[in-house]
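The next block holds one structure in the form of structure tokens; read it before the comments.
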Amino acid sequence: MRLFPILVSIAVAIAIYFFVMERDFLKSLSASEEAEVAVVEETVARADAVSVVALHSVAQDVQSGIILRGRTEAARRVDVRAQTSGLVISEPLRKGAAVEQGQLLCSLDPGVRAAQLAEAQARMADAKINATNAADLAARGFGPETAVIAREAGLQAAQAGVLQIEQEISRLEIRAPFAGLLETDSAELGSLMQPGGLCATIIDLSTVKLVGFATETDISKIELGAFAGADLVSGKRVLGTVTFLSRSSDPITRTFRVEITVDNADLSIRDGETAEIGIALEGEKGHLLPQHVLTLNTNGTLGVRVADNGVARFMPVTILRDGPEGIWLAGLPETVDVITVGLEFTIDGSEIDATIEGAE
């Protein structure tokens, strides 16, 4: 009967010893058990997470542009018309001929204009003498000042008559206002020209304009001086810069005129050719990703799903442009891990077990 109390005393003594003398050992045993529990809990959690593959992407500079359908236009085109009447007395120049600035296109019969000029010059000489005599008499006190004023007015009217006839005679020769090509034959020999009658049509193709029409959303992205190019229907590729942006839209199409100036010293580009125009825009940052990474959230917003510390997160994006190598997207951080495999098994906030590709 006395053995049991002895055993109890021994057990209590051992417990007190470990509690007092071996406290660190007991704590280490407890910590080991807690670590084992944490590992088990983490393993269970990872077993519930969705396994995905994510692509590590770094933002790059993206060169984007706008494509416009348009045509070519001559830098200058003018219908050269008569300013006076008369019969054409010059041989016509045929369309397609090259002309220089100031070259004679049409010459008109002067008719009686030479006689009219002689008459006007005689009246001017007579008026000049009368004005001189009136001034001399008034200076000596034998004539009124009003007579002097009247004679001076008559002289000025006679001078204006001479200038008018000389101007009329100068209009008998119709000359090219600039160097270019004749788009029409000049007026035929013997034809009667009236004021406003067409002598010839000249176009200047030393430079040409590429004319396109940008939408309301695109016109604000284009800047004067921007680099541009075009593929012509003839197969020729040309380069130039944007030189004009319209401030007023077409009332029917609601588009804005855009002009690009292109050198055409060899005259290989014709007026009115169909052109597909590409205008470079200012570069911006974007990510090149496979097209299948695009998805929609519950609100219908376009975006991608990324791996963020073991959780899938939705991020909205904007499409910059696409191509055979993939699609360029804006709206993402500088570096991001975009889920590429297993996307369909995740939602925003899902726990994931991500394998990262492309990370350094």
In nm², the average projected area of the convex hull spanned by the Cα atoms of the stretch 190-331 is 15.0
Rounded to the angstrom and largest first, Cα extents along the principal axes for the stretch 320-360 equal 31, 25, 20
The ratio Rg/Rh over the Cα atoms of the stretch 50-192, Rh being the Kirkwood inverse mean 1/r radius, stands at 1.52
In the chain, whole DSSP H helices that both stretch 18 Å or further along their axis by alpha carbon positions and average at least 0.0 on the Kyte-Doolittle scale are 3-21, 145-170
So, for the Cα atoms of the stretch 110-170, Rg and Dmax in Å stand at 14.2, 47
Hydrodynamic radius by Kirkwood for the stretch 266-360, inverse mean 1/r across distinct Cα pairs, in Å, is 15.7
Relative to the compact-globule estimate 2.2 N^0.38 Å (N residues), the Cα gyration radius of the chain stands at a ratio of 2.25
Computed over the stretch 263-315, the Cα gyration tensor eigenvalues, each multiplied by 5 and square-rooted, give semi-axes in Å (largest first) of 46, 14, 9
Given 197-209, 253-265, the highest-first ranking by average Cβ count within 10 Å works out to 197-209, 253-265
In whole percents, the bins of 10 Å from zero upward hold the Cα-Cα pairs of the stretch 286-337 as 25, 57, 17, 1
Extension length gain for Leu224 and His56 (0.36 nm per residue less Cα distance), in nm, is 56.7 nm
Nearest-0.05 FRET efficiency for Leu267 and Arg94 at R0 = 22 Å, using Cβ-Cβ distance, is 0.80
Taking every C-alpha to C-alpha distance in the stretch 135-226 and binning by 10 Å from 0, the per-bin percentages run 11, 19, 16, 16, 15, 13, 8, 4, 0
Over the chain, the sum of -39500 (n - 2.57) across DSSP H runs of at least four, divided by residue number and rounded to 500 deg cm²/dmol, gives at 222 nm -10000 deg cm²/dmol
Plugging the Cβ-Cβ distance of Ile319 and Asp79 into 1/(1 + (r/R0)^6) at R0 = 35 Å yields, to the nearest 0.05, a FRET efficiency of 0.15
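Values quoted throughout were computed directly from the atomic coordinates according to the rules given, and no laboratory measurement underlies them. Computed from a predicted model, the values in this text were never measured in an experiment. Positions of Cβ are generated from backbone atoms using ideal geometry, with glycine treated the same way; all protein chains shown enter the neighbour counts.
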